[in-house]
Amino acid sequence: MNVRFISSVGSGRGSTRRAPDHPAAIGRTIARAAAGLVLVLLVLLVVRLPWAGDLGIHAATVERLRHSLLDPGNPLVDADTPSPYYSPWMLALGAVARLTGLGTFAVLRLAAAAGLVLLVTGVWRYIRTLSAHPAAPALALLSLLLVWGTTPFAWSGFLGLNSLALTMAYPSTFTLGLAFHFWAWLTGALREGGAGGWGAWTGLGVLWGVILLCHQFSGIVASLGAIATVVAARAGRVVWPRLGVAAAAGAVVLWAWPYYDFFALLGAGDGLESVHRVLYTRLLARYGLVLLGVAALIPRWLRDRRDPLAVFFALGVVVVSAGWVTGHYSWGRALPAVVVPAQVGVALAAVGAREGRARGVWALLLGGALAVGGWAQAGTLGYVVPRDVLPEAVAERYREPWTGYHWITPWVRYGDVVMAEGRSARQVPAYGAYTVAPGYPDFFLPDGERRAAATEEYFAAGTPESVRRQVEREFGVRWVVDRRGVLAGTGLRAVARGPEGEVLYAVP
């Protein structure tokens, strides 16, 4: 009887250990392998550096800092104005360009690599403060990249795979990586009850200030996550003075930054609202899968009204909703504060639900969401794989990146003023030239509206040549890029033609 009892107990212990652990081990392996494959894709994207959106402004910023670290002037037009693009991170990249002589796009590839490393390690550290499960970081990373919607959506500061493919070199990626590290560091300091010392809290404040300077919108997301972390920690009285020191240190960094007035940006929203209204459209198509994460946050909130992810999500909802109600659509840039905690929440539910059956259901739901989200963003493969190699269904989802303007560089030199409009105005400054009107809203440029009106008039079909000559003299225009064929037969001398039918004209 004793032998049989011992044998039975031993068998039971063995089966109890192996039966649940075997599928769990397989799940961990699959999660890590999938995350590894996605990381390989992202590394290849660093090498490819597809161009769309705002890459031109960041390249132009590096170019200005390469030529003058202390007084770079406006990055887009020939004017001596401050610019929020001159952040600590871009200053570091400009110094690298100046000291090494590397080309601007090589420096941006380094920026993309650094941003990717910072993001992945930051996610790993932050998730480790929320869960000790071995598969949690990999699942959280996959969720952040793939659990979005059924329609790919690319925007600076949004971590969808397709979006990250186009924005990895942007300051927003670097800043979000810093934000995850910031939350992890802050969580550790709060759990120690402020025992980390005044120096550590001052460092946290400085990091917070740097985050806000590097990318203001991602800085708002980082701030909301920090507030949620503090609320969840139920910090005692000993911590409050240290939090005050951290906040003061961050404020000093913001006030002392010499390249632009951070606090002046508080009045810059009016010029950005129309651009950001799109963030509030097609919500289900772009963010529908995130609803699964919202459902995962409910039991967390029921267990703990101060759960950090639930509080983070609630703060994000308040800010984004206020933006919609008041018409301040630029507040929609805080959407990652809604999306990130929900995505992390569903990843943790798949590994941390208290009942095995519930854990299995969440794992199944997350697997389905990852599959749907991955298929929705499958066109990202086209940035690293020739389109004709892709299956037709995937190739249809691929969107060609922009072609560059390297074809103008044999004629256009650094500092030359080029009359350009539309996408041309967003790309030409990447090669060192200026445009008459900036291709992006510029709060610090006092005559921005006049420049925009002059550009519109210049390219209007019925504009007299005398008016065009006057505009050329007023702004020192040496070259013109015509994308629409408006200037054919106007007497300007064509010197080069681009791959998309554009013409570079020399101004007499």
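The values are calculated or read from the model by the stated rules, or taken from the named source; none is laboratory data. Predicted model, so just to flag it, every value in this text is computed and none were measured. Here the Cβ positions follow ideal geometry from the backbone for every residue, glycine too, while neighbour counts run over all protein chains shown. SASA here: full protein model, heavy atoms, side chains in, ligands and nucleic acids out. Shrake-Rupley method; radii C 1.70, N 1.55, O 1.52, S 1.80 Å.
Taking the criterion of being in a loop (DSSP other than H, G, I, E, B), aliphatic (A, V, I, L, M) and either surrounded by 18 or more Cβ atoms within 10 Å (Cβ to Cβ) or touching a helix residue (DSSP H, G or I) at 6+ places or on another chain (Cβ under 6 Å) (or both), the residues of the range 123-137 that qualify are LEU130, ALA135. Part of a loop (DSSP other than H, G, I, E, B), open to solvent by less than 70 Å² (accessible area, probe 1.4 Å) and out of contact with any Phe, Trp or Tyr (no Cβ under 6 Å at 6 or more places or on another chain): is that true of THR455 in this structure? Here the answer is no, as THR455 does not meet what is asked.
Take the conditions touching a helix residue (DSSP H, G or I) at 6+ places or on another chain (Cβ under 8 Å) and within 15 Å of VAL412 (Cβ to Cβ) and apply them to ASP442. Does it pass?
Details: touching a helix residue (DSSP H, G or I) at 6+ places or on another chain (Cβ under 8 Å): yes; within 15 Å of VAL412 (Cβ to Cβ): no.
No: the conditions fail for ASP442.
Of all the numbered requirements in (1) touching a His at 6+ places or on another chain (Cβ under 8 Å); (2) outside any helix (DSSP H, G or I); (3) surrounded by fewer than 24 Cβ atoms within 10 Å (Cβ to Cβ), LEU159 misses one, and that requirement is (1).
State which residue is farthest from ARG305 (Cα to Cα) when the search covers only the range 225-238 and only residues that are of a type outside the set (Gly, Ala, Ser) and open to solvent by 20 Å² or more (accessible area, probe 1.4 Å). Before the answer, list the steps.
If we filter the range 225-238 for residues that are of a type outside the set (Gly, Ala, Ser), which is where we start, we get 227, 229-231, 234, 237-238.
Now restrict to residues that are open to solvent by 20 Å² or more (accessible area, probe 1.4 Å): 227, 230-231, 234, 237-238.
Values: ILE227: 14, VAL230: 13, VAL231: 10, ARG234: 11, ARG237: 20, VAL238: 23 Å.
Residue satisfying both the conditions and the ranking: VAL238.
Quick grid of which residues meet (1) touching a His at 6+ places or on another chain (Cβ under 8 Å); (2) over 21 Å from ALA52 (Cα atoms); (3) in contact (Cβ under 8 Å) with a residue 12 or more places away in the chain:
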residue	(1), (2), (3)
GLN427	no, no, yes
TYR440	no, no, yes
PHE443	no, yes, yes
GLU449	no, yes, no
TYR458	no, yes, yes
GLU472	no, yes, yes
PHE475	no, yes, yes
VAL480	no, yes, yes
ARG493	no, yes, yes
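Evaluation of ARG450 against the conditions (1) in a helix (DSSP H, G or I); (2) closer than 16 Å to VAL507 by Cβ shows that the sole unmet condition is (2). Check the range 243-252 and report whether any residue there is crowded, with 16+ Cβ neighbours inside 10 Å and closer than 23 Å to ALA322 by Cα. No, there is no match, as no residue in the range 243-252 is crowded, with 16+ Cβ neighbours inside 10 Å and closer than 23 Å to ALA322 by Cα. Go through the residues of the range 75-86 one by one and say whether even a single one is touching a residue at least 12 places away in the same chain (Cβ under 8 Å), open to solvent by less than 20 Å² (accessible area, probe 1.4 Å) and not in a loop (DSSP other than H, G, I, E, B). There is no residue in the range 75-86 that is touching a residue at least 12 places away in the same chain (Cβ under 8 Å), open to solvent by less than 20 Å² (accessible area, probe 1.4 Å) and not in a loop (DSSP other than H, G, I, E, B).
Hey, can you tell me all the residues within the range 366-395 that are assigned to a loop (DSSP other than H, G, I, E, B), surrounded by 13 or more Cβ atoms within 10 Å (Cβ to Cβ) and either more than 19 Å from the chain's Cα centre (by Cα) or among the acidic types (Asp, Glu) (or both)? Full working, then the answer.
Just the residues of the range 366-395 that are assigned to a loop (DSSP other than H, G, I, E, B), to begin with: 377, 384-386, 390-391.
Narrowing the set further to residues that are surrounded by 13 or more Cβ atoms within 10 Å (Cβ to Cβ) leaves 377, 384-385, 390.
Within the range 366-395, VAL384, VAL385, LEU390 meet the criteria.
Only residues that are touching a residue at least 24 places away in the same chain (Cβ under 8 Å) and within 19 Å of the chain's Cα centre (by Cα) were counted in the range 92-116, giving 11.
For the range 296-316, a tally of residues being in a helix (DSSP H, G or I) and surrounded by 15 or more Cβ atoms within 10 Å (Cβ to Cβ) returns 14. For the range 166-202, the set of residues classified as at pLDDT 95 or above, open to solvent by 20 Å² or more (accessible area, probe 1.4 Å) and over 14 Å from the mean Cα position of the chain (by Cα) consists of HIS181, TRP185, THR202, listed by residue number. For PHE443, the criteria (1) modelled with pLDDT of 95 or more; (2) surrounded by 13 or more Cβ atoms within 10 Å (Cβ to Cβ); (3) in a loop (DSSP other than H, G, I, E, B) hold in every case but one, which is (1). Of the residues making up the range 408-422, those that are open to solvent by 30 Å² or more (accessible area, probe 1.4 Å) and of a type in the set (A, V, I, L, M, F, W, C) number 1. In the range 426-436 there is at least one residue that is hydroxyl-bearing (Ser, Thr, Tyr), surrounded by 14 or more Cβ atoms within 10 Å (Cβ to Cβ) and assigned to a strand (DSSP E or B). Whether a residue is open to solvent by 20 Å² or more (accessible area, probe 1.4 Å), among the charged types (D, E, K, R) and within 30 Å of THR151 (Cα to Cα) was assessed, and ARG399 passes this test. The residue that is nearest to VAL320 (Cα to Cα), among those in the range 256-288 that are outside any helix (DSSP H, G or I) and open to solvent by 30 Å² or more (accessible area, probe 1.4 Å), is THR281.
Inspect the range 213-220 for any residue being open to solvent by 20 Å² or more (accessible area, probe 1.4 Å), part of a helix (DSSP H, G or I) and more than 16 Å from TRP331 (Cα to Cα) and give the result as yes or no. No.
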